[in-house]
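Chemist: Let me begin by handing over the structure; questions about it come next.
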Amino acid sequence: MFVATITRCLTMTEARIHERTSQGEFEAFYLRTARPLHGYLCRLSGDPATSDEVLQEAYIRMIAAPTMEEQHRKAYLYKTATNILRDHWRKLKRGKEWMELSHLTEHVHYNLNLPVDMAAIFERLTAQERAVLWLAHVEELSHKEIGGILNVKEKSVRVMVFRAREKAKDLLERAGFKGTHE
Amino acid sequence: MNNHDSQLDFLIKKMAEDHRPELPSPDLIWWRAHILKKQTQQERIERPMMIMRMLAAIVCLAVFLGLLAGNWKQLYSGIWPLIMPLAIVAGIFSLVAVGLLFREPRTKPAKH
């Protein structure tokens with residue numbers, strides 16, 4: 001009886017320690033990934049409020065998911081967030097606009113220090129082009145990983161990245177950006 | 001990567017760096033996740049009970065309807081008073097089972 005009680009207490013303490021460690025790990029991971037993820041969602045949705053909601057939901061699902069490695073966790077997070085956003089659009093009967101979403105309700109401008117308004121350039125791209133550019137340049141993910149997140153084949157991602165880059169460069173030139181940075 | 005590509009890369013990265021939103025606290029997300037997890041566990045525990053309640057309701061209704069169908073002729077021929085108590089009991093049990101089945105849960109899951 002006494003031994004059983006002690007064992008139970010020890011198990012409970014271990015569980016609490018494990019929970020605290022997991023929480024600490026989560027906090028560290030959150031602090032590393034939340035800002036870029038929020039930026040990605042903001043660029044994709046054009047709406048900070050929706051981005052907040054989707055961000056929280058994505059992290060909650062990640063906590064509920066089985067433990068995985070950091071890189072897999074990040075890919076899982078982006079995939080989940082993209083899917084939640086897609087579902088959100090579908091709910092708003094805007095799912096069909098996923099490929100060619102160009103009309104946005106709210107504009108997000110944060111990059112005032114840039115020689116050109118990159119946010120405005122981004123807004124002229126489709127949601128998929130924005131996602132691809134962000135994942136390739138900011139997150140520096142491989143084509144395979146981007147494909148996994150966006151549910152697209154690896155070969156298609158290569159083409160999509162190339163086209164998105166060309167379009168963005170063309171828009172930059174039209175905006176009068178001559179290339180001051182080296 | 002040519003010069004234009006590196007410029008584009010720089011601009012996109014700079015745009016990402018300049019994005020500094022007010023993010024929700026990680027503790028808040030952690031505890032929300034745990035509350036939802038507990039609610040899911042509770043639902044999982046209650047699921048067999050719900051199934052049993054449903055089965056009980058179906059069985060009671062089947063017994064009641066079976067008795068009615070089996071004694072249809074007797075009902076017409078005037079033996080109704082003999083089976084009436086049984087039919088009433090079966091009816092009450094069915095109603096109670098259905099009532100339990102559709103009883104509101106004590107705790108409603110939080111909207112998220």
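Chemist: For segment A:69-90, does any single residue satisfy the condition of being more than 26 Å from B:Thr40 (Cβ to Cβ), more than 9 Å from every other protein chain (Cβ to nearest Cβ), modelled with pLDDT under 90 and in contact with a Lys or Arg (Cβ under 7 Å, 6 or more places away or on another chain)?
Modeler: no
Chemist: If you go through segment A:7-20 one residue at a time, do you hit one that is within 12 Å of chain B (Cβ to nearest Cβ), loosely packed, with under 12 Cβ neighbours inside 10 Å and at pLDDT 70 or above?
Modeler: Within segment A:7-20, not a single residue is within 12 Å of chain B (Cβ to nearest Cβ), loosely packed, with under 12 Cβ neighbours inside 10 Å and at pLDDT 70 or above.
Conditions tested, residue by residue: (1) of a type outside the set (Phe, Trp, Tyr); (2) exposed (fewer than 13 other Cβ atoms within 10 Å of the Cβ); (3) farther than 20 Å from A:Gly39 by Cα; (4) touching a helix residue (DSSP H, G or I) at 6+ places or on another chain (Cβ under 6 Å).
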site: A:Gln128; (1), (2), (3), (4): yes, no, no, no
site: A:Leu135; (1), (2), (3), (4): yes, no, no, yes
site: A:Leu141; (1), (2), (3), (4): yes, no, no, yes
site: A:Glu145; (1), (2), (3), (4): yes, no, no, yes
site: A:Ile149; (1), (2), (3), (4): yes, no, no, yes
site: A:Val157; (1), (2), (3), (4): yes, no, yes, yes
site: A:Val161; (1), (2), (3), (4): yes, no, no, yes
site: A:Ala164; (1), (2), (3), (4): yes, no, no, yes
site: A:Phe177; (1), (2), (3), (4): no, no, yes, no
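Chemist: Still on this structure, I have one more. Which residues, taken from segment A:43-57, are under 16 Å from B:Ser25 (Cβ atoms), of a type outside the set (D, E, K, R) and more than 7 Å from every other protein chain (Cβ to nearest Cβ)?
Modeler: A:Leu55
Chemist: Still on this model: Quick test of your reading of the structure: B:Leu11 fulfils all but one of (1) more than 8 Å from chain A (Cβ to nearest Cβ); (2) surrounded by 17 or more Cβ atoms within 10 Å (Cβ to Cβ). Name the failing condition by number.
Modeler: Tallying (1) more than 8 Å from chain A (Cβ to nearest Cβ); (2) surrounded by 17 or more Cβ atoms within 10 Å (Cβ to Cβ), B:Leu11 fails exactly one: (1).
Chemist: Is it true that some residue in segment B:66-86 is farther than 30 Å from A:Glu140 by Cβ, modelled with pLDDT of 85 or more and either in a helix (DSSP H, G or I) or of a type in the set (Lys, Arg) (or both)?
Modeler: Yes, segment B:66-86 contains a residue that is farther than 30 Å from A:Glu140 by Cβ, modelled with pLDDT of 85 or more and either in a helix (DSSP H, G or I) or of a type in the set (Lys, Arg) (or both).
Chemist: With the structure loaded, tell me whether B:Met49 is among the aliphatic types (A, V, I, L, M), in a helix (DSSP H, G or I) and either more than 8 Å from chain A (Cβ to nearest Cβ) or exposed (fewer than 13 other Cβ atoms within 10 Å of the Cβ) (or both) or whether it fails that test.
Modeler: In short, yes.
Chemist: For residues that are in a helix (DSSP H, G or I), small (Gly, Ala, Ser) and touching a helix residue (DSSP H, G or I) at 6+ places or on another chain (Cβ under 9 Å), scanning just segment A:40-89, find the one that is nearest to A:Ala136 (Cα to Cα).
Modeler: Restricting to residues being in a helix (DSSP H, G or I), small (Gly, Ala, Ser) and touching a helix residue (DSSP H, G or I) at 6+ places or on another chain (Cβ under 9 Å), the top hit is A:Ala75.
The values are calculated or read from the model by the stated rules, or taken from the named source; none is laboratory data. Keep in mind the model is a prediction, meaning the values are calculated, not measured. Reconstructed Cβ throughout: ideal geometry from the backbone, glycine too, with neighbour counts over all protein chains shown.
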